[in-house]
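*Asks:* Before we start, here is the structure in question, set down as structure tokens.
The values are calculated or read from the model by the stated rules, or taken from the named source; none is laboratory data. Since we're looking at a predicted model, the values are computed, not measured. Cβ coordinates were reconstructed from backbone atoms using ideal geometry, including for glycine residues, and neighbour counts include every protein chain displayed. To get the accessible areas, we keep the full protein, side chains included, count just its heavy atoms, and leave off ligands, DNA and RNA. Shrake-Rupley method; radii C 1.70, N 1.55, O 1.52, S 1.80 Å.
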2 protein chains.
Amino acid sequence: MNFNPGPAALPLPVLERARDELIDFAGTGMSIMEHSHRGAAYEGVHNEAISLLRQLMGIPDGYEVLFLQGGASQQFAQVPMNLLSEGRSADYVLTGHWGERALADAEAAAALGGGGVRVAASTASGAGKSATFTRVLRAGEINADTHAAYLHVTSNETIHGVQFTEFPDPGGVPLVCDMSSDVLSRRVDVSRFAMIYAGAQKNIGPSGVVVIVARKELVEAGRKDIPAIFQYRTYAANNSLYNTPPTFAIYLVRGVLQWVKESGGLEQVERWNREKADLIYGAIDRHAQVYNCPVERDSRSWMNVVFRLPSPEQESRFVKEAEQQGMIGLKGHRSVGGIRVSLYNAVPVEWARTLAGFMDDFARRAG
Amino acid sequence: MNFNPGPAALPLPVLERARDELIDFAGTGMSIMEHSHRGAAYEGVHNEAISLLRQLMGIPDGYEVLFLQGGASQQFAQVPMNLLSEGRSADYVLTGHWGERALADAEAAAALGGGGVRVAASTASGAGKSATFTRVLRAGEINADTHAAYLHVTSNETIHGVQFTEFPDPGGVPLVCDMSSDVLSRRVDVSRFAMIYAGAQKNIGPSGVVVIVARKELVEAGRKDIPAIFQYRTYAANNSLYNTPPTFAIYLVRGVLQWVKESGGLEQVERWNREKADLIYGAIDRHAQVYNCPVERDSRSWMNVVFRLPSPEQESRFVKEAEQQGMIGLKGHRSVGGIRVSLYNAVPVEWARTLAGFMDDFARRAG
């Protein structure tokens with residue numbers, strides 16, 4: 001039972017199929033990895049992945065779907081490189097570590113291009129190294145620049161366990177969202193976003209590929225004076241085949257999307273994810289004397305449930321005993337400590353039920 | 001028999017092993033793709049890949065070995081972003097299409113950072129769209145800037161079939177080499193280069209990972225005012241684990257490197273590659289009335305053998321008949337036409353022998 005924060009569990013049927021056709025893809029006598037990215041076999045896979053993502057997320061026609069490399073971390077820089085022209089400024093909303101990282105790289109990228117960035121809102125409590133995040137925004141907390149090139153939010157914060165349910169209203173400013181850790185985990189109204197980007201390794205596939213969903217106008221309006229390889233328009237104009245894409249990673253993305261579709265689409269996935277989160281938060285709330293989730297109720301993440309035990313020693317014991325019962329990946333991020341349960345799409349409800357049972361048992365013994 | 005120009009054939013034992021352990025890596029009950037990039041299982045793979053590359057290529061201690069994403073195409077921009085500080089200039093040697101591409105992206109990247117690029121030598125014959133390349137440099141042809149930040153060369157040109165045997169002497173200027181299409185295909189004196197970069201999908205693994213071998217001083221001297229994700233020092237300081245690397249691609253790189261080692265190292269691989277190239281060029285030269293290789297003898301690539309037949313119709317027939325006999329990937333690049341035979345490491349000598357036999361037969365029937 002793999003509760004890793006990412007790279008994370010992948011659906012078993014997807015891995016089984018990948019295994020079965022690893023050496024001979026669709027009777028071609030070659031692995032999909034050995035096919036040219038410009039050949040019919042791979043192009044079929046590539047285009048099916050794009051069209052499945054469009055279907056499942058309900059992506060409107062006016063949006064591009066692109067595959068890039070470099071992880072969400074590269075997007076932290078690439079978004080401002082494309083969208084911040086000279087003299088323009090972008091707004092950032094900080095609700096955890098990843099928003100801070102996005103801001104830091106945006107600052108460097110903006111400085112190169114003659115633009116700037118500012119913090120439009122932050123829910124940090126405390127300052128400096130000991131700052132922590134326990135909630136998303138409350139209404140009216142954004143001090144937005146109505147002339148900003150874009151407003152950037154992080155949909156789900158994997159380290160702090162904070163997730164948006166209602167996204168902030170950016171007014172007329174394009175909303176750009178890092179959805180790496182909760183994309184495809186629930187239904188989302190894509191039309192509210194100017195751009196969504198997501199590293200694949202939580203809910204969509206293996207590491208090594210980033211999915212971008214962006215309004216065509218945004219892509220077209222991007223800077224033209226940066227190297228072609230960093231321009232979103234280059235990917236849009238070439239169906240993400242400008243240079244060799246990470247073909248095997250995209251093949252696995254297609255597999256995961258097929259699995260989501262066969263499972264009943266995002267409605268069913270959302271139901272499962274709600275159920276898994278309810279199981280773990282339920283166990284936390286039942287044993288408040290042992291488990292403490294620092295995140296405010298309306299901001300609790302379905303994807304990464306974080307909680308503390310009364311002492312680091314008990315936390316170590318919790319992780320160790322869970323591991324003995326076959327549950328791994330539960331140690332909190334080194335920067336915050338505690339326990340973290342990652343419940344991405346490929347984690348079955350049954351695993352969450354088993355973990356909740358273990359939590360009940362552990363609490364009774366500890367209490 | 002896969003003669004694709006890349007993504008290309010991978011060694012069968014590597015694919016077989018990947019298949020056998022795809023769902024359960026080393027008895028962990030999980031795919032290597034599902035392991036954390038910070039866990040012991042993956043780190044063992046990652047570090048073994050680095051150490052095998054060091055052994056096989058004889059990389060001196062003063063060099064970093066890094067894994068990045070984005071393909072060689074991203075390096076076209078990332079090299080000047082890192083190495084060209086304001087007011088500095090870099091020199092480019094052009095011996096084919098990929099050198100031209102590297103130059104074009106370097107121009108855009110240099111302009112952003114206040115640096116410049118220039119052509120130190122080009123073997124193009126003809127001008128504009130109809131320019132072609134049929135050889136590497138002759139001694140004395142470089143008009144080098146002794147103050148250049150670096151001199152960039154493309155070791156092997158996959159479209160024009162032109163390959164360096166003797167690399168140019170850059171004087172005291174750091175030599176930076178795009179070795180994407182012939183890395184690991186022969187012994188090379190790494191100490192002559194300040195930096196080597198290579199997309200994996202020809203000789204090292206699948207697409208989605210780039211290998212960089214660079215002098216530590218070069219990495220340390222790189223610009224610090226670009227976003228951290230683009231700085232080579234970020235990868236060096238974090239053993240290429242700053243953000244999530246393409247773990248499965250690196251796992252396959254390890255497999256390919258193990259296979260090279262078990263096969264007898266670069267000495268044996270070089271012997272095979274020489275033999276394969278001799279087989280195909282031998283067939284070309286035996287039937288000069290049918291096959292014409294435009295590349296000068298001392299510049300002929302071992303990796304990509306290009307040749308023409310007397311008419312496009314005969315070329316189509318050649319490709320079609322070869323395909324009927326199980327040989328694929330032989331069509332020349334759309335920009336130059338003709339035939340291209342890619343003979344990367346994983347192509348066995350036997351396939352080259354079969355193709356040479358087919359070429360003899362085809363020539364007799366055509367002649």
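*Asks:* Taking every DSSP beta bridge with both residues inside chain A, roughly what % is antiparallel (nearest 5)?
*Replies:* 60
*Asks:* A further question follows. About the Cα centre of the protein assembly as shown, what is the dipole size in debye to 20, counting +1 per Lys and Arg Cβ and -1 per Asp and Glu Cβ, all else neutral?
*Replies:* That gives a dipole near 0 debye.
*Asks:* Chains A and B: what accessible area do they bury, summed, in square angstrom to the nearest 100, with a 1.4 Å probe?
*Replies:* On the way: alone 15370 and 15390 Å², together 26420 Å².
Buried: approximately 4300 Å² between B and A.
*Asks:* How big is the gap, in Å, between the Cα center of the stretch B:264-280 and the Cα center of the stretch B:57-125?
*Replies:* 29
*Asks:* Let me ask something additional. Could you name the aspartates and glutamates in cross-link range of A:LYS320, using Cα to Cα under 15 Å and dropping any fewer than eight places away on the same chain?
*Replies:* A:ASP361
*Asks:* In addition: Counting only other chains, what is the mean number of Cβ atoms within 10 angstrom of the Cβ of each residue in peptide A:73-80?
*Replies:* Mean shielding count: 4.
*Asks:* Between A:ILE59, A:VAL79, A:ALA40, whose Cα lies farthest towards the positive end of the dipole of chain A when Lys and Arg beta carbons carry +1 and Asp and Glu beta carbons carry -1, centred on the Cα centre?
*Replies:* With unit charges placed on the Cβ atoms, the residue in question is A:VAL79.
*Asks:* Using only the Cα atoms of the stretch B:189-324, build the gyration tensor, take square roots of its eigenvalues as a ≥ b ≥ c, and label the shape rounded, prolate or oblate: rounded if a/c is under 1.5, else prolate if a/b is larger than b/c, else oblate.
*Replies:* Judged from the Cα gyration tensor, the stretch B:189-324 comes out prolate (a/c at least 1.5, a/b above b/c).
*Asks:* Here's a follow-up. Please express the shape of the protein assembly as shown as an equivalent ellipsoid: the semi-axes are the square roots of 5 times the eigenvalues of the C-alpha gyration tensor, given largest first in whole angstrom.
*Replies:* For the protein assembly as shown, the semi-axes come out at 46, 29, 23 Å.
*Asks:* Further question on the same structure: Kindly rank B:98-106, A:250-258 from highest to lowest mean number of other beta carbons found within 10 Å of each residue.
*Replies:* The peptides rank, most packed first, as A:250-258, B:98-106.
*Asks:* Over the stretch B:12-262, calculate the relative contact order: mean separation of alpha carbon pairs under 8 Å at least 6 apart, over the residue count, as a percent. List each step's numbers first, then the result.
*Replies:* On the way: 462 pairs, mean separation 63.8, N = 251.
Answer for the stretch B:12-262 is 25 percent.
*Asks:* Right, here's the next one. About its Cα centre, what dipole magnitude does the stretch A:264-365 give when the only charges are +1 on Lys and Arg Cβ and -1 on Asp and Glu Cβ, stated in debye to the nearest 20?
*Replies:* 240
*Asks:* Does chain A come out rounded, prolate or oblate, given a ≥ b ≥ c as the square roots of the eigenvalues of its C-alpha gyration tensor, rounded meaning a/c under 1.5 and, failing that, prolate meaning a/b above b/c? Kindly include the intermediate steps, with their values, before the conclusion.
*Replies:* On the way: a/c = 2.06, a/b = 1.17, b/c = 1.76.
Verdict is oblate for chain A.
*Asks:* OK, next. Please average, across the residues of B:107-116, the number of beta carbons from any other chain that are within 10 Å of each residue's own beta carbon, and give a whole number.
*Replies:* On the way: counts 1, 8, 4, 1, 3, 9, 1, 1, 0, 0.
Across the residues of B:107-116, the mean count of other-chain Cβ atoms within 10 Å is 3.
*Asks:* Can you pull the mean other chain C-beta count within 10 Å for peptide A:23-36?
*Replies:* Mean partner-chain Cβ count within 10 Å for A:23-36: 5.
*Asks:* Next up: Net charge around B:ARG334, counting only other residues with Cβ within less than 14 Å of its Cβ (Lys, Arg = +1; Asp, Glu = -1)?
*Replies:* Neighbour charge sum, excluding B:ARG334 itself: +3.
*Asks:* So, one more: For a protection proxy built on the mean count of beta-carbon atoms within 10 angstrom, sort A:144-152, B:12-20 highest first, please.
*Replies:* The peptides rank, most packed first, as A:144-152, B:12-20.
*Asks:* Here's another thing I want to ask about it. Using Cα centres only, tell me the gap between the stretch B:176-236 and the stretch B:1-48 in whole Å.
*Replies:* 22
*Asks:* Taking the Cα centre of chain B as origin, sum charge times position over the Cβ atoms of Lys and Arg (+1) and Asp and Glu (-1), and report the length of that vector in debye to the nearest 20.
*Replies:* 520
*Asks:* Peptides B:327-340, A:115-128, B:28-41: what's the order by average Cβ count within 10 Å, highest mean first?
*Replies:* The packing order, highest mean first, is B:28-41, B:327-340, A:115-128.
*Asks:* Which of the pairs A:LYS216/B:LYS202; A:LYS129/A:LYS331; A:LYS202/B:LYS202 have their Cα atoms more than 27 Å apart in this structure? Could the numbers behind the result be given before it?
*Replies:* Details: A:LYS216/B:LYS202 34 Å; A:LYS129/A:LYS331 20 Å; A:LYS202/B:LYS202 29 Å.
Result: A:LYS216/B:LYS202; A:LYS202/B:LYS202 exceed 27 Å.
*Asks:* What number, rounded to the nearest 500 deg cm²/dmol, is the helix-based mean residue ellipticity at 222 nm of the protein assembly as shown, given -39500 (n - 2.57) per DSSP H run of at least four residues and division by all its residues?
*Replies:* After summing the helix terms and dividing by residue count, I get -12000 deg cm²/dmol.
*Asks:* If I compute solvent accessible area with a 1.4 Å probe over the protein chains, what percent of it on the stretch B:219-335 is carbon and sulfur?
*Replies:* The nonpolar share, carbon plus sulfur, comes to 47 percent.
*Asks:* Tell me, which residues of the stretch B:1-17 get at least 10 Å² less accessible area when the other protein chains come in, versus the chain alone (1.4 Å probe)?
*Replies:* When all protein chains are present, B:ASN2, B:ASN4, B:GLY6, B:PRO7, B:ALA8, B:LEU10, B:LEU12, B:LEU15 each give up 10 Å² or more of accessible surface.
*Asks:* Right, another one. Could you give the C-alpha radius of gyration of the stretch B:264-365 expressed as a fraction of 2.2 N^0.38 Å, taking N as the number of residues it contains?
*Replies:* Here the answer is 1.02, to two decimals.
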